[in-house]
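Enquirer: Shown below is the structure under consideration.
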């Protein structure tokens, strides 16, 4: 334990924990990373951290420093404000993503879907998948 950490604990100050905002930002990092078709390993390499660190960011276990969040936004080619915008009605709940997000097939599906440029065709594909899944 570092001297600073031991002084921090000795002072009686509680350890900072992630809150719901940290968890939400991490969830959005994961969502945008998957949409971009990047693995945790590739994002980690570009950030200069381990993939385990990226996992901790995405789970909200570790807070993401402002400078690192800016770098993530640059890598994902999105404005940093996207991490803080209200949902637009698209379900990206952590449990929904984690159900399929770690499978190769799901990643391929997300990559392919994100490359469809025609909005009507994207909606048709979405409708088709939802109908098949409902059966």
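The values are calculated or read from the model by the stated rules, or taken from the named source; none is laboratory data. Predicted model, so just to flag it, every value in this text is computed and none were measured. Note: ideal-geometry Cβ built from the backbone for every residue, glycine included; neighbour counts use all protein chains shown.
Enquirer: Tell me which residues, restricted to the range 33-64, are in a helix (DSSP H, G or I), modelled with pLDDT of 90 or more, within 11 Å of the chain's Cα centre (by Cα) and buried (at least 18 other Cβ atoms within 10 Å of the Cβ).
Expert: Answer for the range 33-64, where residues must be in a helix (DSSP H, G or I), modelled with pLDDT of 90 or more, within 11 Å of the chain's Cα centre (by Cα) and buried (at least 18 other Cβ atoms within 10 Å of the Cβ): 33, 40, 43, 54, 57, 58.
Enquirer: Now for a different question. Consider only pairs whose beta carbons are under 7 Å apart and that are at least six residues apart or on different chains; among these, list those whose first residue lies in the range 74-99 and is at pLDDT 50 or above and whose second residue is part of a loop (DSSP other than H, G, I, E, B).
Expert: Correct list of pairs: empty, since none qualify.
Enquirer: Next up: Go through the range 45-67 and report how many residues are out of contact with any helix residue (DSSP H, G or I) (no Cβ under 7 Å at 6 or more places or on another chain) and either in contact (Cβ under 8 Å) with a residue 40 or more places away in the chain or outside the structural domain of residue 26 (by TED's automatic domain parsing) (or both).
Expert: Counting residues in the range 45-67 that are out of contact with any helix residue (DSSP H, G or I) (no Cβ under 7 Å at 6 or more places or on another chain) and either in contact (Cβ under 8 Å) with a residue 40 or more places away in the chain or outside the structural domain of residue 26 (by TED's automatic domain parsing) (or both) gives 1.
Enquirer: Now, a different point. So for the range 125-134 (the condition being part of a loop (DSSP other than H, G, I, E, B), modelled with pLDDT under 90 and loosely packed, with under 13 Cβ neighbours inside 10 Å), does at least one residue qualify?
Expert: no
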